[in-house]
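Engineer: Below you will find the structure I want to go over with you.
The values are calculated or read from the model by the stated rules, or taken from the named source; none is laboratory data. It should be emphasised that the depicted structure is a prediction, and the values quoted were computed from it without experimental measurement. Glycine gets a Cβ as well: all are built from the backbone with ideal geometry, and neighbour counts include every protein chain shown. Calculation scope for accessible area: heavy atoms of the full protein, side chains included, ligands and nucleic acids excluded. Shrake-Rupley method; radii C 1.70, N 1.55, O 1.52, S 1.80 Å.
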Amino acid sequence: MTGKVSPTTQTHHKQQKERNLTLIKIFYITCYAIVPLFFVIFYIFMTKTYEDILHTRWHYHQALPDIFSHVYHFIPRLGEFYQRIVMQFMTTQVSFGFDLCFRLLTAAMSAGLIYALTAFVLRRHPKLQWKDVIIYLGLFIVLMGFEMAEVFLYRFSYVHNYILATLVFVVFLLPYRFASRSNNPLAYIGMLILGFLLGISTEITPIAVLIVLVGLAIYLKISKTLTWKEFWRCYHLQITGVIGIIFGLLFFYLGAGLSARTGGAYSEIYDYISLGGLFSNPIKTFGKIIWHAWYNIRYLTFGLIFVLFILLHEFVQANKTHSHGRFALQCSLFAFDILFIGAASLIKVHDDLYPRFMMPVYTAIFASIAIFFYQNYLNFSQKTPKVFRFIGIALAVISLIMTVDMSYGIVSYFKAIRPIVSENVNIDADEFIRIDPTNTYDMTPSPLFKFVQLTPFDWGPTQSSYLKYGTKAGHFCHNLPSCAIMEQ
């Protein structure tokens, strides 16, 4: 009789195991819900900032074709079109109707970027398992922990321009990462649209992506000795995406895509260098480009060094295994970084432009590091070590604390600023009519992670204090009686 287990005990063990599995699944789902919850709370309680209200005022009572025409002849970026149009339907603070719908859509953009980036790293859609949760929450914490958080949080115009552009950038690359080969006509249409949207997303990203993809195409055709017919059969969907980028770039640069950035005040502020100077004064021009490049990578140096280490590691592994896929992927991401930084060296990137302008490079660097970590540590075995469970739980706890911290900060500011913006906030030329012209009513950053949005009454932090951890945002909550109640 020794060693035998009764049917009742077996049933009990089975039920206990099923309960444990159910609890783990609930934990996974909760982890995936934290990110959209974070952004939903933030954008629902976010108050329109100075630039957002300015865009509303500029196009007040204009028809959509007129807004479209204005943007096309100003700077025909995807996010600029979206921002100028959406601002006509959004109120200064949350209200039911179109405003709430667009706030939720903004939250979907930001959460969607984290999800799409996770899928890019995993090379598949995330599943209910520890290693996927680690990548997902890890990317969220890193993106919200560095100065890129400003792009997500500072103002709606940043999200609508740069987060939307980065989302299109990552989603466009997924069929390349997944090696998709669908023959569905809708897939072709989707890739054309995605390529076009990427082409009008930002000034540099689509060109850098196009060069990298053409380089990869040449490498694949030569290394696999494919005929043109075979090459099309293997990569027809990806080629369609490239065609879409070309159409988008034509649309962008036939508008004001170039002149808006190479002339006027923008050129002076960011010390724009014309490539024509390489012919008229090559030594001085090349020297300034090198100085700009060195200046522009000041916050990226550690990440680029880490990526170089990854490249060396993958090169050694490729020679050992005679498999060059991982090395080619890391080379492609690094090539994108170098191309972007090289093109960006035509200007000197400073003030609050830095995190949003360099967002694609940050994204590529974090993707490289996450892929390396996933392939070499998380995915080496089908079994999940206890240390990974600990990491997953720790990341979930940090994410929840971030959400609570942010919620306290943004809700406090929402309540404090409400009596001011509930009145008719209007603009006379480029200046707001303020109740107190000496006070910009800045938000007090959240207690722990210093999350902050910009004020509706001024452009925001000065050049000397634009970064997330260096902000000198005022203490608006200390200036209003309503916040004194909240702090008690």
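Engineer: Give me the percent of accessible area attributable to carbon and sulfur for segment 92-245, probe 1.4 angstrom. Walk me through the numbers before you get to the answer.
Structural biologist: Values: 4400 of 5870 Å².
Exposed carbon and sulfur together represent 75 percent of the surface.
Engineer: Another question, if that's okay. Report the rotationally averaged projected area of segment 126-217 based on its alpha-carbon convex hull, in square nanometres.
Structural biologist: If I average the Cα hull's projected area over directions, I get 7.8 nm².
Engineer: Hey, can you rank 147-156, 40-49 by average C-beta count inside 10 Å, highest first? Could the numbers behind the result be given before it?
Structural biologist: Values: 147-156: 23.8, 40-49: 22.1.
Going from most to least packed, we get 147-156, 40-49.
Engineer: How much length is gained if the chain between ARG123 and ALA394 is pulled fully straight, taking 0.36 nm per residue apart and subtracting their Cα-Cα distance, in nm to one decimal? Don't skip to the answer; put the middle values down first.
Structural biologist: On the way: separation 271, 0.36 × 271 = 97.56 nm, distance 2.43 nm.
Gain on extension, ARG123 to ALA394, equals 95.1 nm.
Engineer: Report the Cα-based extents of segment 167-242 along its three principal axes, largest first, to the nearest Å.
Structural biologist: Its Cα atoms span 35, 27, 17 Å along the three principal axes.
Engineer: What spacing in nm lies between the two simple spin-label points modelled at ILE338 and TYR377, each 7 Å away from Cα in the Cβ direction?
Structural biologist: Going from the ILE338 label point to the TYR377 one covers 2.7 nm.
Engineer: Principal axis extents for segment 5-138, Cα atoms only, whole Å, descending order, please.
Structural biologist: 78, 33, 22
Engineer: Just the Cα atoms of segment 118-162: what Rg and Dmax do they give in Å?
Structural biologist: 12.8, 35
Engineer: Same structure again: Could you do me a favour and compute the accessible area per residue for segment 134-180, 1.4 Å probe, result in Å²? Could you put the intermediate results ahead of the total?
Structural biologist: Details: 800 Å² over 47 residues.
I get 17 Å² per residue for this part.
Engineer: Right, another one. So, for segment 13-107, what is the accessible surface per residue at a probe of 1.4 Å, expressed in square angstrom? Working shown, then result.
Structural biologist: Details: 4750 Å² over 95 residues.
Ligands and nucleic acids excluded, the figure is 50 Å² per residue.
Engineer: For segment 284-426, what does the accessible surface come to per residue with a 1.4 Å probe? Please give it in Å². Intermediate results must be reported in sequence, preceding the final value.
Structural biologist: On the way: 6850 Å² over 143 residues.
Ligands and nucleic acids excluded, the result is 48 Å² per residue.
Engineer: Amide H of SER201 versus every other amide H placed in the peptide plane: which residues, excluding those fewer than 5 positions away on the same chain, fall under 5 Å?
Structural biologist: LEU78
Engineer: Modelling each spin label as a point 7 Å along the Cα-to-Cβ direction, I'd like the ALA187/THR22 distance in nm, to one decimal.
Structural biologist: Placing both labels 7 Å beyond Cα along the Cβ direction yields 3.9 nm.
Engineer: Hey, any idea what the orientation-averaged projected area of the convex hull of segment 51-107's Cα atoms comes to, in nm²? Spell out each step's value before the answer.
Structural biologist: On the way: hull surface 15.8 nm².
Answer in nm², one decimal: 3.9.
Engineer: Could you rank the peptides 403-409, 67-73 by their average count of other C-beta atoms within 10 Å per residue, with the highest value first? It would help to have the intermediate numbers written out before the result.
Structural biologist: Values: 403-409: 18.9, 67-73: 15.6.
Packing proxy ranking, top to bottom: 403-409, 67-73.
Engineer: Ranking request for peptides 389-397, 361-369, 216-224: highest mean number of other beta-carbon atoms within 10 Å first, then the rest in descending order. All intermediate terms of the calculation are to be shown ahead of the outcome.
Structural biologist: Details: 389-397: 15.7, 361-369: 22.6, 216-224: 13.0.
By packing density, highest mean first, the sequence is 361-369, 389-397, 216-224.
Engineer: Hey, which of these cross-link pairs are over 25 Å Cα-Cα: LYS131/LYS224; LYS25/LYS386; LYS25/LYS450; LYS284/LYS348; LYS415/LYS450; LYS25/LYS415? Intermediate results must be reported in sequence, preceding the final value.
Structural biologist: Numbers: LYS131/LYS224 33 Å; LYS25/LYS386 17 Å; LYS25/LYS450 32 Å; LYS284/LYS348 15 Å; LYS415/LYS450 18 Å; LYS25/LYS415 37 Å.
Too far apart for the 25 Å limit: LYS131/LYS224; LYS25/LYS450; LYS25/LYS415.
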